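The structure under discussion appears below in the form of structure tokens.
The values are calculated or read from the model by the stated rules, or taken from the named source; none is laboratory data. All values derive from a computational prediction rather than experimental measurement. Positions of Cβ are generated from backbone atoms using ideal geometry, with glycine treated the same way; all protein chains shown enter the neighbour counts. The protein model used for the area step is the full one, side chains on, heavy atoms only, and it has no ligands, DNA or RNA in it. Shrake-Rupley method; radii C 1.70, N 1.55, O 1.52, S 1.80 Å.
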Amino acid sequence: MSASTGNKSDRDSFAAYVCDQPTMDIVRTVISDLNIPEDNINLGGLRNAVQSLSVSASPTILLVDLSECADPLSDINALAEVCEPGTMVVAMGKVNDVRLYRELIASGIQDYLLKPLSEQILREAMVSALAVFNSPRNSAANGGGTERTHVSTAVVGTRGGVGATTIASSLAWFFSDERKLPTALLDLDVHFGTGALVMDLEPGRGLTDAMDNPSRIDGLFIERAMVRANENLSVLSAEAAIGTPLMTDGSAFVRLSEEFRQAFDMTVIDLPRNMLINFPHVLAETNAFVLVTELTLASARDAIRILSWVTSNAQHVTPIIVCNKMPAGQTEITRKDFEASIERKIDIVIAEDAKAAVNAAKQGETFIEANRNSKAGGAIADLANRIYAMSGDGEPVSGKSEKSALKGMFDLRALLGTKQKA
């Protein structure tokens, strides 16, 4: 159930099967705004969809309601049996369970929306589905044999606790979810890393196995060793025993970088300061160097030292200075004095938001995922867009929809090639 094959011109562009009239009204409003034909919106949820699609052609995009399903995963599998290749499924339901969400995504659906449905959320899901649907065709139009553009980002904190992992995990989630790009998150804090933890994942042994046996690293190893966070995001991390010293010459990191470049569009490396100094070749294929800091004397001192090291050892990277957890009141040193001391401007300022951080931790989500509409979440999105621009492809994604702008920007009827009815 993904956007890939099939003769799209012979299929309806869209069909919906929903369980209640209020949801139907919202669906009708949104697809009308996006210029999608409204004649395939049906009352009756997933089971009605299975019955109908077993005797008729599948649409390009299928919106299906799971509210009446006792076993959503089993019923989704039944739907997969009657859907033609290339059908993109967006599901909705009342169950708010992150494990169900992940299992549904793993089964092949494009997105899972929580009811009661809002127009904004549905509109964003439809626009994202359209973007994914069109990406293979756009690649073909641009000469599909070209090598993919890969952007690698290293995230380093000037001090412990400044929020480098928060930034790294949020960037990885943004690239994978908002941009729908195959993304790798590599957490190189072998003993105390929290990249997997913030996403409510078990870290596995992938990274320690890679360091113990660098010669084993290939495409198959990457596929098996990495932990899936969502359809487009894979995490490689470790939770080594505290009594186990780090024994590696760093060759594993070079091999991982090579494999990531082949398998993913984006790589985000959560890079502890000691790893940066001990294994400088980690930055050999890196494009962006995000230095996360705070406005303290200690951070200013270490920012100067780290930036000097980068200038001497990794001149090819683009440094981006991020001031995280900026308090509303007085800081230890002023922004002006900080910038004067490091002899460059701060690029991104992320406001301190303790409640948002707690909210993300309780939900087992990255900061931006749990707080995408907050001021701090918007600043992280700005950072992600700045890094994404290094690929030379596309415009920034703000994560916020404007109804009038979307209506003029997307015409699904034209882009999808709707089925012509007599």
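The table for this structure:
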quantity: Residues in region 182-200 that a label on Arg224 would reach, taking backbone N under 11 Å of a point 7 Å out along Cα→Cβ; calculated: none
quantity: Cross-link partners of Lys355 among aspartates and glutamates (Cα-Cα below 20 Å; sequence separation of 8 or more within a chain); calculated: Asp200, Glu294, Glu365, Glu369
quantity: Pair Leu114, Lys375: separation of 7 Å Cα→Cβ label points (nm); calculated: 2.5
quantity: Degrees separating the helix 164-173 axis from the principal Cα axis of the chain, which is the longest one; calculated: 20
quantity: Folded to 0 to 90 degrees: helix 21-33 orientation relative to the chain principal axis, Cα; calculated: 70
quantity: Efficiency of FRET between Ser107 and Ser308 - r from beta-carbon atoms, R0 41 angstrom, step 0.05; calculated: 0.25
quantity: Distance from region 284-318 to region 52-95 (C-alpha centre basis), Å; calculated: 48
quantity: Rounded D (µm²/s) - the chain, Kirkwood Rh over Cα pairs, Stokes-Einstein at 10 °C, 1.306 mPa s; calculated: 69
quantity: Relative contact order %, the chain, counting alpha carbon pairs below 8 Å whose residues are six or more apart; calculated: 18
quantity: Long-range tail of P(r) for region 144-301 (Cα pairs > 30 Å, %); calculated: 10
quantity: Across Lys94/Lys325; Lys115/Lys362; Lys180/Lys345, pairs whose alpha-carbon gap is larger than 25 Å; calculated: Lys94/Lys325; Lys180/Lys345
quantity: Pairwise label distance in nanometres, Thr29 with Arg344, each label 7 Å out on the Cα-Cβ vector; calculated: 4.7
quantity: Exposed GluC sites (Glu not before Pro) absent - longest run of the chain, DSSP non-H/G/I/E/B, at most 12 other C-beta within 10 Å; calculated: 148-342
quantity: Cα→Cβ-extended label distance, 7 Å offset, between Arg205 and Glu352, nm; calculated: 4.3
quantity: Fraction of beta bridges assigned by DSSP in the chain that are antiparallel (%, nearest 5); calculated: 5
quantity: Accessible surface of the chain, 1.4 Å probe, proportion on carbon and sulfur as whole %; calculated: 49
quantity: Amide H partners (placed H, <5 Å) of Ser152, local residues excluded; calculated: Thr267, Asn287, Ala288
quantity: Cβ-defined net charge surrounding Val290, 12 Å radius [Lys, Arg +1; Asp, Glu -1]; calculated: -1
